[in-house]
Amino acid sequence: MTLYSRIIGTGSYLPEKVLTNRDLEKLVDTSDEWIYSRTGIRQRHVAADHENASDLALNASRRALDAAGLTPQDIDLIIVATTTADMIFPSTACLLQAKLGIRNCPAFDMQAVCSGFVYALATADQLMKSGQYRNALVVGAEVYSRILDWTDRSTCVLFGDGAGAVVLTTSDHPGILASRLHADGSYAHILSVPGGVSRGEISGRPLLQMEGNAVYKFAVKVLSEVAEETLRAAGLAKSDVDWLIPHQANVRIIQSTAKKLGLGMDRVVVTVQRHANTSAASVPLALDEAVRDGRVRAGQNVLLEGVGGGFTWGAVLVRW
Ligand code: UT7
């Protein structure tokens, strides 16, 4: 019998505080008109001082578990995709495990920046197909507000905080149909946080820097390529895609990708206007929204896509 993994519950969490483009006009030399026309973003959520990635992850996970009808005790694998971990170690996944009140199951972080959730989902799928795990929790959780230079208008207007989660279970019918992951480290310089901690001190500059134009072109190229590659792997055509849920960085990138794939925007889930770019959290946040409002329905083909720093990119094709 072929074993598959299926998503049986989704959940998400956005911190209470909302920062609008108008609020940002008071911080840096920008305008709602510039931000909206270049990116489609109107607002973003920002975590409270006491909230870390594991807290956001916990809220999203509880909602995903409720939706799946499972308890934390049912989970036997946890993967958290994050670039903004609570601390150097333990991993955010281990901190989340403790907050969920469970023990012993493997828990680890996935660091693939904005592709993190897609990387984590593809990895969980492969592990579950081995038959070793029954129920997995896969989370994307980010607090980018902590790694932004709030005086740099070219980057601080683009990002937000949030978390999304899914619960996967093993099943004899799909489920995840195919996934494809890629990376090219020679593009590390176009999007990075080039700092760290060494000998008790901060080394380098631990704030996000980006060559926006280069990232834009790269994203449009690889998102359509990896979508086609993943569909081919599953033996499906572009016209078989019911919903495209791409990484939410810029509505113009999303529109160009949809156009290249021949998909109308009525088949694309877009949340960037309200969430901005929440990196590894963006895809599960958008997925949860589309599941809860009834757009994503049983039997549909849903294509999830990520692209981000590294550079990394990938796609997961899901039969809902
Ligand atoms: O997860 C992946 C992460 N990142 C992305 O996906 C981002 C990809 N890139 C983009 O979304 C776009 O390249 C941006 C939104 C970042 C920039 O849009 P653009 O159309 O490529 O603008 P630009 O970089 O060419 O900048 C145009 C002008 C510049 O002024 P000058 O030099 O032409 O006088 C910037 O200084 O806009 C200026 N600018 C701003 N003006 C007002 C840059 N940021 C701002 C701002 N408000 N916030």
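The values are calculated or read from the model by the stated rules, or taken from the named source; none is laboratory data. From a predicted model like this one, the values you see are computed outputs, not experimental measurements. Cβ atoms come from the backbone with ideal geometry, glycine included; neighbour counts cover every protein chain shown. To get the accessible areas, we keep the full protein, side chains included, count just its heavy atoms, and leave off ligands, DNA and RNA. Shrake-Rupley method; radii C 1.70, N 1.55, O 1.52, S 1.80 Å.
Considering only G310, A281, V270, the residue lying farthest towards the positive end of the dipole of region 223-320 is V270, judged by Cα position with unit charges set on Cβ. Extension gain, W150-K99: 0.36 nm per intervening residue step, less the Cα-Cα distance, totals 15.3 nm. What the chain shows is 42 Å² of accessible area per residue, with the surface traced by a 1.4 Å probe over protein heavy atoms. Pairs with C-alpha atoms separated by more than 30 Å, drawn from the list K17/K99; K129/K217; K129/K238, are K129/K217. Taken over the Cα atoms of region 225-281, the convex hull encloses 85 Å³ per residue.
Shape of the chain from the C-alpha gyration tensor: oblate (a/c of 1.5 or more and a/b not above b/c, with a ≥ b ≥ c the square roots of its eigenvalues). Our coupling estimate for region 145-161, obtained by passing each phi through the Karplus curve with A = 6.51, B = -1.76, C = 1.60 and θ = phi - 60°, is 4, 7, 10, 9, 8, 6, 9, 9, 5, 6, 10, 5, 7, 8, 10, x, 10 Hz, Gly and Pro reported as x. Here the dipole of region 248-320 is about 180 debye; that uses its Cα centre as origin and unit charges on the Cβ of Lys and Arg (positive) and Asp and Glu (negative).
Rounded to the nearest whole Hz, the Karplus-based 3J(HN,Hα) values (6.51 cos²θ - 1.76 cosθ + 1.60, θ = phi - 60°) of region 251-258 follow the sequence 4, 5, 5, 5, 5, 5, 5, 4, with x at glycine and proline. Give, rounded to the nearest 20 debye, the magnitude of the charge dipole that region 5-115 has about its Cα centre when Lys and Arg contribute +1 at Cβ and Asp and Glu contribute -1 at Cβ. In total the dipole reaches around 240 debye.
Taking every C-alpha pair closer than 8 Å and separated by at least 6 residues, the mean separation divided by the residue count of region 63-209 gives a relative contact order of 22 percent. Separation of region 167-198 from region 260-320 is 14 Å, based on Cα centroids. Inter-label distance, D172 to R22: 5.8 nm, where each label sits 7 Å from its Cα along the C-beta direction.
Hydrodynamic radius of region 120-178 by the Kirkwood approach over all distinct alpha-carbon pairs: 13.9 Å. Ligands, DNA and RNA left out, the accessible area of the chain computed with a 1.4 Å probe is 50% carbon and sulfur.
The charge dipole of the chain, taken about its Cα centre with unit charges on the Cβ atoms of Lys, Arg (+1), Asp and Glu (-1) only, comes to about 500 debye.
Taking trypsin sites (Lys or Arg not before Pro) across region 7-94, the ones in a DSSP loop with at most 15 further Cβ atoms lying within 10 angstrom of their Cβ are K26. In this rough spin-label picture, where each label sits 7 Å from Cα along the Cβ direction, the M87-N213 distance is 4.4 nm. Taking 0.36 nm per residue of separation and subtracting the current Cα-Cα distance, fully stretching the chain between D240 and T2 would add 83.4 nm.
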